[in-house]
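Here is the structure we will look at.
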Amino acid sequence: MFSVTVRDHIMIAHSFRGEVFGPAQRLHGATFLVDATFRRQELDDDNIVVDMGLASQELGAVVSELNYRNLDNEPEFAGINTSTEFLAKAVADRLAERIHKGALGEGARGISALSVTLHESHIAWASYERAL
């Protein structure tokens, strides 16, 4: 399996509901490094997994929709604990939608899987992987 990973970052604010979150129940900020990994069995006709420039551009567009936002105030996240794991899935699903619409080029239609990892710190991160 071949893969290509591109990276961006995001800064958000949010709070959590539930005792398990301790002090994170209060409003707090988070900065994540965001890695998106695109996978496919065989390279395309140009011998690439995906155009890295387009992949970077589309990841940037996805994270810019969330960047500098208090997720508690975003209607689509109302009442949801926007954990690192949850946000990794949200980014992956948005990227998958862009792949299906052709935003990463026709060659990207051969991508079989996508993984998004949000690095919360140098010692903790969470990922979500999905088939396409």
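The values are calculated or read from the model by the stated rules, or taken from the named source; none is laboratory data. It should be emphasised that the depicted structure is a prediction, and the values quoted were computed from it without experimental measurement. Here the Cβ is made from the backbone with ideal geometry for all residues, glycine too, and neighbour counts use every protein chain on show. These area figures cover heavy atoms from the full protein model, side chains too; ligands, DNA and RNA do not enter into them. Shrake-Rupley method; radii C 1.70, N 1.55, O 1.52, S 1.80 Å.
A few points about this structure:
- Residues of segment 1-29 satisfying the condition of being among the polar types (S, T, N, Q) and in a strand (DSSP E or B): Ser3, Thr5
- Qualifying residue in segment 47-69 (condition: aliphatic (A, V, I, L, M) and surrounded by fewer than 13 Cβ atoms within 10 Å (Cβ to Cβ)): no
- Selection within segment 73-105 - open to solvent by 40 Å² or more (accessible area, probe 1.4 Å) and not in a loop (DSSP other than H, G, I, E, B): Asn73, Pro75, Glu76, Glu85, Phe86, Lys89, Asp93, Arg94, Glu97, Arg98, His100
- The single condition among (1) within 16 Å of Met1 (Cβ to Cβ); (2) assigned to a strand (DSSP E or B) that Ala108 does not satisfy is (2).
- Residue under evaluation Glu19, criteria (1) among the charged types (D, E, K, R); (2) touching a residue at least 24 places away in the same chain (Cβ under 8 Å); (3) out of contact with any strand residue (DSSP E or B) (no Cβ under 9 Å at 6 or more places or on another chain), criterion not met: (2)
- Pairs, first under 10 Å from Ser15 (Cα atoms) in segment 72-83, second open to solvent by less than 40 Å² (accessible area, probe 1.4 Å) and part of a helix (DSSP H, G or I), C-beta under 9 Å, six or more apart: Ile80/Leu71; Thr82/Leu71; Thr82/Ala90
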